[in-house]
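Shown next, in structure tokens, is the structure this report addresses.
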Amino acid sequence: MIAKLIRRDIRRGLSGAAWLPVAFFLLVATLVPFAIGPDAQLLIRVGPGALWIAALTAALMPIERLIEPDRADGVLDQLSLHGLADEGTAAAKILAHWLSFGPLLILAAIPAGALLGLDREALGRVLVSLTVGTPGLAALAVMIAAVTAGLPRAGALAGLLLFPLAVPLLIFASAFSSQGGSSALLLEAAISLALIALAPFAAGAAIRAART
Amino acid sequence: MSSLLRLSGVTLVRGGRTLFEGLDLNLEPGGALHIGGPNGSGKSSLLRLVAGLLQAERGTVERARCALADDKVALDRELPLGRAVALWGGDCGPALDRIGLGALAEVPVRLLSSGQLKRAMIARVISARAPLWLLDEPLNALDSDGIDRLGKVIAEHRSDGGAVLAASHVALPGTWQRMELGR
């Protein structure tokens, strides 16, 4: 059942509006030079951090379709009847969400880095930090999608919850992207792993609590 | 044979209101129980409790593997009906044929009428191959052909050793034990 669910969620993620967060990411990256000005040195300095802010806002976009449609349509109930624990459902959804969102975002970072005039080395660091950080971001997104599922104005609330919780990831990811250094990367990886480990339990509990 | 569903002394509370107390219930293979009662008496909640989606305040629920058809379709709207039902259990062709949807297997779920969706949910229950069926208002939106087919499907399921627990405020096809809630 869990493999079926992952395949289904990837198909839905990619056939739906998978390009939307990526387009949003590129758009934010395009806006940065307009806002900061054409100073190449300055752009290289703020570029990696700006890309991470863009990634964070892009991660917010799909939140409303991660859990709520399946809750409203009874899919989560049926999964539970088919013997899948709610934590298992959440873990499957995290993996499927990352697969339909992470790689595309990492690819999109290449043209986005070019827009900001990042050199090869800086771009390489951004790509590594995105590879390490986006799984944690996906876990956080599913967790918050589960917590806000079924609430009115869930989208706005999700933003308020996601951004503060993503701050530690943002700090170390942009520190590594702009200055390098293995300790920043290790800390980013540790936070990403902690989010991945925590999110299925939090999301599973939220799915259970939302049942009436 | 042992029973497929046994509730002993079950009390269900929702939103601070006690829906029923000390409920005992037993369903053997081949059994069928029709739960009646006025709106809001807890028929649907009883089914969700049996399905494990709600927790009892007191008492124990023991049940075999079950399949549930309530008011939520749980089929992917963008997929053809056949593939959408197949998510919930292997080959669903025979199930669709039995409920009269065989010709619609290639039609996307979002184009189906409410009666066809009800039939699709029954096909989903059939293809889950669970011994215990939980049906919430199974006749809603069904036409007379649909009701006949549902009656046959339920009779076959019972003769194969399955059991059915259905909540409805109207008479169901076939012979049923009856239990009234909220009296």
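Here are the numbers for the structure shown:
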{"quantity": "C-alpha long axis of helix A:40-60 to longest principal axis of chain A, angle in °", "calculated": "10 degrees"}
{"quantity": "Rule-of-thumb Rg ratio for region A:43-199 [Cα; 2.2 N^0.38 Å; N residues]", "calculated": "1.09"}
{"quantity": "For A:78-85, mean number of other protein chain Cβ atoms within 10 Å", "calculated": "5"}
{"quantity": "Contact order normalised by residue count of chain B, Cα under 8 Å, 6+ apart, percent", "calculated": "31 percent"}
{"quantity": "Highest-fluctuation residue, A:SER178, A:SER80, A:SER100 considered, GNM on chain A with Cα pairs under 10 Å", "calculated": "A:SER80"}
{"quantity": "Acute angle (nearest 10 degrees) that the helix B:144-159 long axis makes with the longest principal axis of chain B, alpha-carbon atoms", "calculated": "60 degrees"}
{"quantity": "Cα-Cα pairs of region A:1-53 separated by more than 17 Å (percent)", "calculated": "53 percent"}
{"quantity": "Tilt relative to chain B, helix B:114-127 - C-alpha long axis, 0 to 90 degrees, to 10", "calculated": "80 degrees"}
{"quantity": "Angstrom value of the Kirkwood radius, inverse mean 1/r, which spans all Cα pairs in region B:118-158", "calculated": "10.5 Å"}
{"quantity": "Normalised contact order of chain A, rounded percent, pairs of Cα under 8 Å and 6 or more residues apart", "calculated": "30 percent"}
{"quantity": "Listed residue pairs exceeding 29 Å between alpha carbons, taken from B:LYS72/B:LYS152; A:LYS93/B:LYS72; A:LYS4/B:LYS152", "calculated": "A:LYS4/B:LYS152"}
{"quantity": "Chain B: most fluctuating residue of B:ARG119, B:ARG58, B:ARG83 per GNM, C-alpha cutoff 10 Å", "calculated": "B:ARG58"}
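A short reminder: the numbers here are calculations on the coordinates, not readings from a lab. Model, not experiment: these values are computed from the prediction. We place every Cβ from the backbone using ideal geometry, glycine too, and count neighbours over all the protein chains shown.
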